[in-house]
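Down below is the structure, laid out as structure tokens.
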Amino acid sequence: MRDFLRWVLTHKDQTKEAARDRLRLALLKDRIDLSGGSMESLRKDVLTVLSRYMVVGNDFQEFDIHRSDDAVYLVSNIKVEELPRWATLNDKTSDPTTTSKPGAWWK
Amino acid sequence: MMGKTIVVTSGKGGVGKTTATANIGTGLAMRGHNVVVIDSDIGLRNLDVVMGLENRIVYDLVDIIEGRCKLNQGMIRDKHKLDLYLIPAPQTRDKDCIDPEQLRELCQKLEEQFDYVIVDCPAGIEQGFKNAIAGAQEAIMVTTPEVSAIRDADRVIGLVEAAELHRPKLIINRVNSAMVKRGDMMDKDDIVELLAVDILGMVPVDDRLITATNQGIPVIHDPKALSGAAFSRIVARIDGEEVAIPDLEPRTGIMDKVKEIMGIKGGSYTHA
């Protein structure tokens with residue numbers, strides 16, 4: 001009741017949300033700074049996974065963590081050399097060896 | 001049977017590491033274990049005053065390590081006649097006058113004699129921290145529900161895990177349950193989710209802890225203190241007992257309602 005009255009009277013946001021959200025981002029950024037070696041193994045792993053689906057260049061042109069004020073992004077950039085025919089846009093099957101029906105992609 | 005060494009650490013200073021160490025050591029001794037607590041904060045000795053033993057210091061940690069006294073000469077017995085001993089830190093030396101290997105050897109020697117060796121770690125992540133964690137098999141992280149303390153705790157948890165002290169356990173100290181209730185303080189679940197660790201206990205903010213510390217008595221001796229009760233539950237959990245972690249709730253007795261209406265708001269909280 002008191003909390004409700006307080007809310008009605010002040011419309012003050014709960015400050016714990018602010019604390020939690022700020023911390024979540026701060027911890028994310030701290031952990032990235034410390035991740036060092038694991039970025040390199042992530043890069044290799046992603047390259048391996050990609051080459052299971054398509055023929056790509058030897059390495060990423062870009063593979064970096066970017067920070068904005070309110071989020072952290074992994075930005076990667078690699079040249080695609082060749083795509084097999086099964087890579088249609090709406091191919092939901094996780095198995096790349098199954099071939100989609102022709103024309104199914106626009107449905 | 002061999003004892004075990006537990007390090008009490010935090011990263012940030014002033015969150016209650018030393019108070020936690022004193023109360024955990026005392027509580028384990030009250031449960032019948034023989035315990036030694038080590039103040040590893042060389043140059044900034046503190047555990048002795050929290051335990052009320054500051055006038056009994058003759059030798060210290062570095063005297064023991066450098067062989068200027070025998071092990072039993074360097075240990076100060078608790079004044080409540082518990083099977084509890086303190087090894088104080090030297091006040092006039094530097095943190096790098098000992099190395100991790102020396103502290104590890106000392107802890108191993110103490111484990112032959114004691115059930116529990118509790119090491120109070122200095123704040124920070126430098127030499128003193130590295131020394132303090134060297135001999136430990138387990139780690140307890142102390143934090144308060146504040147952004148700065150939790151952030152530092154996250155960093156230290158990473159370092160502790162890198163030192164192969166797996167699954168450090170978390171104590172959240174100075175929880176203000178009224179603030180938690182109105183959404184102005186992060187609660188247990190928020191903090192556990194952010195840090196991804198197991199929780200060992202929560203200690204409410206408590207005036208009685210300060211008055212006990214003023215007298216050099218660990219608050220766990222005070223049967224009326226809510227913080228003391230919280231430490232008792234923490235100690236029971238360390239000792240292998242399964243004790244639920246109660247949510248902290250503001251005390252809602254009729255007198256508290258009266259006080260609240262009159263605007264006399266004390267720090268009296270109870271556990272649901």
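The values are calculated or read from the model by the stated rules, or taken from the named source; none is laboratory data. Since this is a predicted model, take the numbers as computed values, not measurements. Virtual Cβ from ideal backbone geometry, glycine too; neighbours counted across all protein chains shown. The area values use the complete protein model at the heavy-atom level, side chains included, leaving out ligands, DNA and RNA. Shrake-Rupley method; radii C 1.70, N 1.55, O 1.52, S 1.80 Å.
Data for the structure
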read-out	value
Any pair with Cβ under 9 angstrom, 6 or more apart, that starts in the range B:74-92 at a residue that is touching a residue at least 24 places away in the same chain (Cβ under 8 Å) and ends at one that is polar (S, T, N, Q) and not in a loop (DSSP other than H, G, I, E, B)	B:D78/B:T26; B:H80/B:T26; B:L82/B:T26; B:L84/B:T26; B:Y85/B:N72
Residue, least open to solvent (accessible area, probe 1.4 Å), within the range B:154-168, restricted to residues that are in contact (Cβ under 8 Å) with a residue 24 or more places away in the chain and within 10 Å of chain A (Cβ to nearest Cβ)	B:D154
Test: residue in the range B:134-144 that is open to solvent by less than 40 Å² (accessible area, probe 1.4 Å) and either aromatic (F, W, Y) or more than 18 Å from the chain's Cα centre (by Cα) (or both)	no
Those strands (runs of 3 or more DSSP E) lying entirely in the range A:26-91 with at least 1 residues in contact with a Lys or Arg (Cβ under 8 Å, 6 or more places away or on another chain) and more than 14 Å from chain B (Cβ to nearest Cβ)	A:62-67, A:72-77
Qualifying residue in the range B:187-202 (condition: in a loop (DSSP other than H, G, I, E, B), of a type in the set (A, V, I, L, M, F, W, C) and either away from every other protein chain (no Cβ under 13 Å) or under 16 Å from B:G16 (Cβ atoms) (or both))	no
Qualifying residues in the range B:8-23 (those that are under 19 Å from B:R237 (Cα atoms) and touching a Pro at 6+ places or on another chain (Cβ under 9 Å)) - the one surrounded by the most Cβ atoms within 10 Å (Cβ to Cβ)	B:A22
All positions within the range B:96-115 that are crowded, with 20+ Cβ neighbours inside 10 Å and part of a helix (DSSP H, G or I)	B:L103, B:L106, B:C107, B:L110
Residues that are open to solvent by 70 Å² or more (accessible area, probe 1.4 Å) and in a strand (DSSP E or B), drawn from the range B:25-79	B:R77
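This table checks each residue for (1) in contact with a Phe, Trp or Tyr (Cβ under 9 Å, 6 or more places away or on another chain); (2) crowded, with 23+ Cβ neighbours inside 10 Å; (3) more than 29 Å from B:M51 (Cα to Cα).
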position: B:A178; (1), (2), (3): yes, no, yes
position: B:K181; (1), (2), (3): no, no, yes
position: B:V205; (1), (2), (3): yes, no, no
position: B:A212; (1), (2), (3): no, yes, no
position: B:K224; (1), (2), (3): no, no, no
position: B:I245; (1), (2), (3): no, no, no
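Rundown of residues vs (1) modelled with pLDDT under 90; (2) farther than 28 Å from B:R155 by Cα; (3) open to solvent by less than 100 Å² (accessible area, probe 1.4 Å), yes/no style:
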site: A:G36; (1), (2), (3): yes, no, yes
site: A:V49; (1), (2), (3): no, yes, yes
site: A:D64; (1), (2), (3): yes, no, yes
site: A:A71; (1), (2), (3): yes, no, yes
site: A:I78; (1), (2), (3): no, yes, yes
site: A:W86; (1), (2), (3): yes, yes, yes
site: A:P96; (1), (2), (3): yes, yes, yes
site: A:T99; (1), (2), (3): yes, yes, no
site: A:W106; (1), (2), (3): yes, yes, no
